[in-house]
Each structure stands twice: as structure tokens, then as C-alpha cells.
1. If you go through segment B:253-263 one residue at a time, do you hit one that is in contact with a Gly (Cβ under 7 Å, 6 or more places away or on another chain) and within 9 Å of chain A (Cβ to nearest Cβ)?
2. Could you give me the residue pairs with C-beta distances under 8 Å whose first residue belongs to segment A:273-288 and is facing chain B (nearest Cβ under 7 Å) and closer than 10 Å to B:ILE272 by Cα, whose second residue is of a type in the set (S, T, N, Q) and in a loop (DSSP other than H, G, I, E, B) wherever it lies, and which are 6+ apart or on separate chains?
3. In the list A:VAL47, A:VAL19, which residue meets the criterion of being surrounded by fewer than 23 Cβ atoms within 10 Å (Cβ to Cβ) and at pLDDT below 95?
4. If the requirement is being buried (at least 23 other Cβ atoms within 10 Å of the Cβ) and either modelled with pLDDT under 95 or outside the structural domain of B:GLU70 (by TED's automatic domain parsing) (or both), which of these qualifies: B:ALA215, B:ALA194, B:ALA172?
5. Could you look through segment B:85-121, keep only residues that are at pLDDT below 95 and either in contact with a strand residue (DSSP E or B) (Cβ under 6 Å, 6 or more places away or on another chain) or on the phi > 0 side of the Ramachandran plot (or both), and pick out the one that is surrounded by the fewest Cβ atoms within 10 Å (Cβ to Cβ)?
6. Looking at (1) within 11 Å of B:ALA51 (Cα to Cα); (2) free of Cβ contacts under 8 Å to residues at least 40 places away in the same chain, which is the one condition that is false for B:GLU20?
7. Answer yes or no as to whether A:ASP234 is more than 7 Å from every other protein chain (Cβ to nearest Cβ), surrounded by fewer than 17 Cβ atoms within 10 Å (Cβ to Cβ), in contact with a Lys or Arg (Cβ under 8 Å, 6 or more places away or on another chain) and closer than 16 Å to B:LEU273 by Cα.
Number of protein chains: 2
Amino acid sequence: MHELVECAPNFSTSDPVTVEKILDAITSVRGVLLLDHSYDDYYNRLVVTLAGEGRILLQAVLRGAVKAAELIDMRTHKGQHPRLGAVDVVPFVPIADSTIESCSELAKSFGRQFSATCDVPVYLYAESASSPDRRDIDWTREGEYEGLEERISRPDRKPDFGPARAHPTAGATITGARKPMVGFNVNISTHDLAIGKKIARALHEKKGGLVGVRAMAAEIPKMGIVQIGMSIYDYERTPLYRVYELLKLEAQRHNVSIVSSEFNGMAPLGAILDVANYYLRVTNLNDDRIIETAICKRLQNQ
Amino acid sequence: MHELVECAPNFSTSDPVTVEKILDAITSVRGVLLLDHSYDDYYNRLVVTLAGEGRILLQAVLRGAVKAAELIDMRTHKGQHPRLGAVDVVPFVPIADSTIESCSELAKSFGRQFSATCDVPVYLYAESASSPDRRDIDWTREGEYEGLEERISRPDRKPDFGPARAHPTAGATITGARKPMVGFNVNISTHDLAIGKKIARALHEKKGGLVGVRAMAAEIPKMGIVQIGMSIYDYERTPLYRVYELLKLEAQRHNVSIVSSEFNGMAPLGAILDVANYYLRVTNLNDDRIIETAICKRLQNQ
């Protein structure tokens, strides 16, 4: 068994027929593991979670991307999530024994081959970025699909692969290696969105909060409460318990308490072990001590 | 891939040559996974952790047991851990999709075949017990090897398999299916063993504590502190956070705090997810949401 990598491509569609065809293209590659997929009309976006040995994964993602570029027409695309193209972003994420470096190689191979096949310009971001600005996906995606043609000819926005002009129907694509991200939403005991926004600001990296954390508040009308939705970009540096305890502290300022929490998408085991280590003051817990993962490692090495 | 089962046989030896020969016998079966093993002179005991598909596991454990019965002489055995025979106890434990029922079938097959091969009497315990008394390993092991010959002829102590007389050098063996056990030790900020004993009693099932929990206090001289060593026999019923928080509460009565904790042996993933669910108030965390275990399940089903 070679080292496993995760890939979570985001496509700009929520049309069930298009979704089906993209998934069929991906799973036509033998050995790729489809872990999860979800899409909704509000964002008009499909998020797929895949894993597999590097070359197999690359092949599967390429087939899905080529299919998406063929079927999706960005000229008529509307959605609440910012996007630059049909194949909007293709992050490669290390798991188990794989590294950011090997993921970055995969991202570059993907960008090179996808742009050569479909004539779509490709930007590298996150750990694979070719300039400090490009590390930040918000910078790269500024102006979105509609503003792409005007920006792409500027020297500082020259694509890393492919032509310096937008593909008419597929726009542009962003790819790169990044660390595993944790999506974590916390529901608080208030229906006052203004309080939620204050708490979110207190946590958000760019507003004086924790490094590598993005937070936003939203009303959940059917529950009559406010939810703080967070992305934690490097849980090894900024662990989940720290985010949770700081949120609890900020909520207490407003006499608000935590009602419940949920993970958004999948969670890496390391982030969870860390929570147990903190709250139980454990000194010796790691994935080799977990029966299920110890067995899995040995099965993979057989 | 058939369903996986765990087995944690305990052998009455800490002689490195004997240990090596038992492990060689076990791992001579292709496909069995040796997860862990440890032994020490104080207990004069070897604990092996294995996993595998049921029939493979059964074969491996039988080979190890036959070798142990051949090499270990209980007439000269001394150790601090109670024991009834050379192959003292052979618990079968469900993991992933296997059940207590299938583990009980394996335990009965083991008992039948081991007693037939080596002429060693075998008792069933825990979930496989043939009477309520026998569920409790302490009852079955009462009198230990030295008292076995006198007790074994009593009607209520008739072995479930094999002859109603002790094997001269191998004694008797106990086997059965049980739920995954969690070994958890908590170090507290005192060197006063009397305080540790009060806290251990407050937690121990038989002394007014939590159901399915055994606790004992011991001095750790090199650290200058006291350790509460616990076994949690059904973490789904009595979760780890409840044990930990009750221990903290009882320690506070004596102005003692928790210094650190450690797992003794391996831990099931479910017990850890439960800790995260409690402390972060999470409502949607299970093993399908953990990247590493989701991948493992799909690899096993390929």
C-alpha cells in the first residue's frame, strides 16, 4: 500500500444530473475511495471527499474535472459561495503517512495536466502558492468568475499553468496542498445575531482572534438560535479545545451559553485525540493506541 | 474481509524465551495481527493483544495456548496477579462490526478444542458464563492455581469443558466473550496513599461507586504521587468522562487535584469519540465522520 492522500474538489454545480456524471467520472478509476459528497442549491456547489494512493487519486480527480469543465457553464451560474470557475478549487490534503510536499507535487501535476487538457488557467494556492498573496484563496478568488477576464492579464495575477485568459465557460481553477481543515459549528443560546457576530469576531483570525480560525455567525431560524460556523485551518497549531473554550468565554460575556456543536464535513482523528488529551489530561494517547486505527495500519502494511 | 475480532490472552510467564516461543506460535498463523504484547516479572504475566478474522484468530490463539501449556509449569509459578493456570484467561472482544454473540462462539470453540488437545479444564466467564457466579472472573479464579484441585470437584465448579481435575502443570483456563475494556490511570497531587484509597473506593463498583468500574490506589514512588488505576468494563454504559469527572470531584474533597492521566493498554475509538462529544457538546460525531476510520472501512470492503 502506498501512502494515502485526501482530495476535496469543489465543483460549481448543484444540478443532480451533472453531479451524477462528475461522480461517475471520478469513480471510473479503480481503487479511488469516495468518502463523501454533498451539494446544495443555496451555494450551487458540489463538494466531494476522496482518498487514495497519489497517482490513482490524481487520475480520478482529473477525470472528474474534465467532465465538470465540459458540462458546467459559468456564464449562467449563480450561487452564494464565491467561485472562480467550474472546477473551483482542488485541495490535496495529507493523511496518515503522506506529506504536504507530496500533496503539493500532486496539485502541480493536476494543474499542469488539467490546463493542458481543457485550456483552463490554473492558480496554485495554500502551501503550493507561487507568491505570498496567492496562499490566501480569498485573494486569488477576488472578483470571482465575473471579474476574472479583467484581472487575469495583470502581471501579479498570471496563472501558474495555462493561458492568461479566462476559459469562457469554465473560468479558472485553484489547486494546492493544504493541511486537514476542521469545520466546526457551535450553536449558542440566543436568537440575537448581533451577539453572534461579536463572538465570531472575537474568534476570527483577521479580527483579533485565534490564528488559522475563520468564524461567522448565522441565524438558524428553525431552531430559534444563532450558530457560529468556524473553519480551523491548522488544528495542530490551534487545537479544537482552545477554540471551543475561547468561544465559551466570549459567549459568557453576553450571558449566552453553548447549546450544542457539530462537525461540518469529516474530522481528522488527530483533532479528536487532542480533545481527549486536553480534557482528561492524558499524556500517552495517539493513533497507535486506538484499536481500530492500529488494526488498519497493520492491514494496510500486509 | 470478514468481521474482525480482538483477543487478549493472558499467559502466566515473564520468561523471555517462553514469551518468544508463545509469540512465534501465535504469529505462525498467516493473517493474524499482533497488535501489542507486554510482560513483567512483578505480575509474572504476559498479555498479548491480537486481532483477525474469527477463524484465523482462533487458530492463532490455540497454537499459542498449546505452546504455553507445554512450556509453563504452574508448580513453580509465583506472581502478584491472581491466576488459575498457564493459559490463564482468553477473552474474545468484538470490534467494528463483530458481535458479543460471535465472540462467544469463538470462546466456546477455543475452550472445547484447547481442553481436548491439552486435557486442561476450561471455564467460561463474562458474557459466555454458564451460571451468574461464573460471569465474575474473581469468583472463578478464587483460590487460584494452588486451591484449584480442592475446588474443581465441587458440583458448582465443574468445568465447562475438559476433565473435573486440575492439569498438574497447566492448571485451568478461563475464556469468554467480553466488551472492550478501558484501562485508565489517573495521577493525583498527593503522596498520601490513604487519600488515594478513599478516592478509589468512591469510584469502585463494589463500594458504592460507578457500575462496571474497578479502581485501586497505588503509590508511584519515583513521581512522589498516588495513582488511581481503573478498569472500565462497559464504556458505552459508564463513559470515560463520567469516571473522570467523578474522580475529580472526589479528589477535590481532599484538596487534591488531577496531575495527569494515561491509558493502560489500547483504547477503543468509541470511548474517545464519546469524550469529545461530551466536552464539546457535539451531536454528530461517530466513526464514519473520522477520515482515517472511514478510509479503513472502505479499504476493508474493497
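1. Yes, the conditions are met somewhere in segment B:253-263.
2. Between residues of segment A:273-288 that are facing chain B (nearest Cβ under 7 Å) and closer than 10 Å to B:ILE272 by Cα and residues that are of a type in the set (S, T, N, Q) and in a loop (DSSP other than H, G, I, E, B), the close pairs are A:LEU273/A:ASN286.
3. Within the list A:VAL47, A:VAL19, the selection yields A:VAL47.
4. After ruling out the rest, the residue left standing is B:ALA215.
5. B:ILE95
6. For B:GLU20, the failing item is (1).
7. no
The rows are residues; the columns are (1) more than 20 Å from A:MET181 (Cβ to Cβ); (2) within 14 Å of chain B (Cβ to nearest Cβ).
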site	(1), (2)
A:GLU20	yes, no
A:LEU23	yes, no
A:TYR39	no, no
A:LYS67	yes, no
A:HIS77	yes, no
A:VAL93	no, yes
A:ILE100	no, no
A:PHE114	yes, no
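The values are calculated or read from the model by the stated rules, or taken from the named source; none is laboratory data. If you're wondering where the values come from, they're calculated on a predicted model, not measured in any experiment. Don't worry about glycine lacking a Cβ; one is built from the backbone with ideal geometry, like all the others, and counts go over all protein chains shown.
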